[in-house]
Amino acid sequence: MTYVINEPCIGTKDSSCVEVCPVDCIHPTPDEPGFAEAEMLYIDPAECIDCDACVEACPVDAITAGDQVPPEWEKYIQINAAYYEQVSS
Ligand code: SF4
């Protein structure tokens, strides 16, 4: 499984989650190129270890476990994954 960042992150990009993630799988970080242009932050599904730390850190409750994504946000599972397919290609 993986955790997923959902719609409330759009335009928020608080990045508290980046600071608590033990495996640095949330990008772009504020010091990475592309942060200013990014619509939101994304969790790398291949790297996330399901530790749950980011859920509490997020001030807008944007993050859920992959199997708890509300139906209206299900597309964000693919949106998070797609960001890393694009970066690695
Ligand atoms: Fe990082 Fe843990 Fe959140 Fe996964 S659940 S993105 S490993 S903080």
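The values are calculated or read from the model by the stated rules, or taken from the named source; none is laboratory data. Remember, predicted model here, so these are calculated numbers, not experimental data. Note that each Cβ is placed from the backbone with ideal geometry, even for glycine, and that neighbours are counted across all protein chains shown. Side chains included, ligands, DNA and RNA excluded: accessible areas come from the protein's heavy atoms. Shrake-Rupley method; radii C 1.70, N 1.55, O 1.52, S 1.80 Å.
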From (1) under 11 Å from the mean Cα position of the chain (by Cα); (2) of a type in the set (A, V, I, L, M); (3) near the ligand (Cβ under 10 Å from one of its atoms), pick out the condition that doesn't hold for MET40.
(3)
Taking interchain pairs and intrachain pairs at least six residues apart, which have beta carbon atoms under 9 angstrom, with the first residue in the range 29-57 and more than 13 Å from CYS17 (Cβ to Cβ) and at pLDDT 95 or above and the second among the aromatic types (Phe, Trp, Tyr) and within 11 Å of the ligand (Cβ to nearest atom)?
PRO45/TYR3; ASP50/TYR3
Considering only residues that are assigned to a loop (DSSP other than H, G, I, E, B), near the ligand (Cβ under 10 Å from one of its atoms) and closer than 19 Å to ALA81 by Cβ, which ones fall in the range 19-37?
CYS21, VAL23, ASP24, CYS25
So which of GLU85, GLU47 ends up being more than 12 Å from the chain's Cα centre (by Cα) and open to solvent by 40 Å² or more (accessible area, probe 1.4 Å)?
GLU85
Just to verify a result, which residue in the range 53-82, among those that are open to solvent by 70 Å² or more (accessible area, probe 1.4 Å) and assigned to a loop (DSSP other than H, G, I, E, B), is nearest to MET1 (Cα to Cα)?
GLU74
Qualifying positions in the range 25-34 - open to solvent by 30 Å² or more (accessible area, probe 1.4 Å) and within 13 Å of the chain's Cα centre (by Cα):
HIS27
